[in-house]
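The values are calculated or read from the model by the stated rules, or taken from the named source; none is laboratory data. Keep in mind that what you see is a predicted model, and the values were worked out from it rather than measured. Every residue, glycine as well, gets a Cβ built from its backbone with ideal geometry; the counts of neighbours run over all protein chains shown.
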Amino acid sequence: MDQLFGSLKSFIKPQACIIDNQVFRLHYKFSVVILIAFSVMVTARQYFGDPIDCISKDDIPSNLLDTYCWIHTTFSLEDAWRKKVGTEVPYPGVDKYKPGEKRVYHAYYQWVCFVLFFQALFFYVPRYFWKSFEGGRMKNLLLGLNSPIVDEDQKKKNIPLLVSYLERNLHNHNTSFYVYCFAEILNLVNVVVQMVLMNRFLHGEFMTYGLKVISFSEWDWALRYDPMIQVFPRLTKCTFHRFGSSGDVQKHDAMCILPINIINEKVYIFLWFWFCFLFFVTLLGLVYRAMIILLPKMRVLATQSRCRLINKDHLEVVINKIKIGDWFVLDLLGKNLNALNFKELVEVYYMTLQDSKSV
């Protein structure tokens, strides 16, 4: 297992330079790692065995039947889900096919690993967009002040240098802030679109999947079966046709066990809860962003939380004199700089703005 997921550990290590927030990191760090890990997991046969095993009383080679049914999909009978197991049917969804009965074909298991991988890529798109626009500016602005141990002469030189940059670029950072807001909106759109696409991928079952699993204990015992096996059946049917010895077409019925669905059902129940959590957290993050835009007091509280040592009155004066884009850069500096260095930066910035005639 360590060989399987060991390479993903470095992906979630702490960043040297922070250019976003915790909600943003849930998307491009944790979600990407989760999806890639699941994609690798469902392809790891050495850990979970063959993905399909088909049973037939006829003389068809088992390997041939397994390959055929994997490629051409298996099916369940919709009417057989409500019949009593052990007396009417051998397993939920499995019964003798009668002409006119509705078949539900299961082909998604061939694509799960690819779908999960592409989902991971799309979760990284907003991060790539924002990182490309930001261009490493914040990393260049740190000037070694993110370290708690800085040479005093270097600190006296670099803090005024950083303040000089902030003063010369006053009111020029609004574009960066709104591009970042757009990337946050992209995160929410990505979650919603992926949930809709997963719902279509699983034939309309994903949206209610978690709710059905939660309410499973309240079902009628006479018809009680795990709702996960309706979405990811562990036993299905497969029909194989071939020419007989006299040249006529023969039909062979087979039952197929899908061990891979033991993994798939757990993967998607986790993803259902994860995507719901991600949707609500991202939505709350956008509400917070709207409050930041509309309420300057919120900006003061947000930045003060980075460093409790800051003089709140001085910080309030600074934030009232700068635009929201300038605050955004200052707040990112607060996330990256050592608390004492950030306190000194705000004090020097306050004095500079007080003396400046351009504000």
Completion exercise
All-but-one check, L116 against (1) out of contact with any Ser or Thr (no Cβ under 6 Å at 6 or more places or on another chain); (2) among the aliphatic types (A, V, I, L, M); (3) in a helix (DSSP H, G or I), failing number (1)
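Residues checked against (1) in a helix (DSSP H, G or I); (2) over 17 Å from the mean Cα position of the chain (by Cα); (3) at pLDDT 90 or above:
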site: S10; (1), (2), (3): yes, yes, no
site: A16; (1), (2), (3): no, yes, no
site: V23; (1), (2), (3): yes, no, yes
site: H27; (1), (2), (3): yes, no, yes
site: F30; (1), (2), (3): yes, no, yes
site: L35; (1), (2), (3): yes, no, yes
site: V40; (1), (2), (3): yes, no, no
site: Q46; (1), (2), (3): yes, yes, no
site: C54; (1), (2), (3): no, yes, no
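Hey, can you tell me all the residues within segment 196-209 that are touching a residue at least 60 places away in the same chain (Cβ under 8 Å) and either in contact with a Leu (Cβ under 9 Å, 6 or more places away or on another chain) or exposed (fewer than 15 other Cβ atoms within 10 Å of the Cβ) (or both)?
Residues of segment 196-209 touching a residue at least 60 places away in the same chain (Cβ under 8 Å): 198, 201-203, 206, 209.
Hits for segment 196-209 are M198, H203, F206, Y209.
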Completion exercise
Taking segment 139-152 and keeping residues in a helix (DSSP H, G or I) and under 19 Å from L340 (Cβ atoms) leaves L141, E152
Problem - Number of the exception - Q354 against (1) in contact with an Asp or Glu (Cβ under 9 Å, 6 or more places away or on another chain); (2) of a type in the set (S, T, N, Q); (3) assigned to a helix (DSSP H, G or I) - result: (1)
Handout entry: Residue satisfying all of: in segment 234-252; over 22 Å from L77 (Cβ atoms) and assigned to a loop (DSSP other than H, G, I, E, B); modelled with the highest pLDDT among these
Key = D248
Completion exercise
If we take segment 254-338, then helices (runs of 4 or more DSSP H) inside it with 1 or more residues that are touching a residue at least 12 places away in the same chain (Cβ under 8 Å), more than 18 Å from Y350 (Cβ to Cβ) and not charged (D, E, K, R) are 260-294, 324-336
Problem - Answer residue from segment 81-113, given it is in a strand (DSSP E or B) and among the hydroxyl-bearing types (S, T, Y) and is surrounded by the most Cβ atoms within 10 Å (Cβ to Cβ) among those - result: Y91
Fill in the blank from the handout: Within segment 75-106, residues more than 11 Å from K237 (Cβ to Cβ) and touching a residue at least 60 places away in the same chain (Cβ under 8 Å) come out as W81, R82, K84, V85, P92
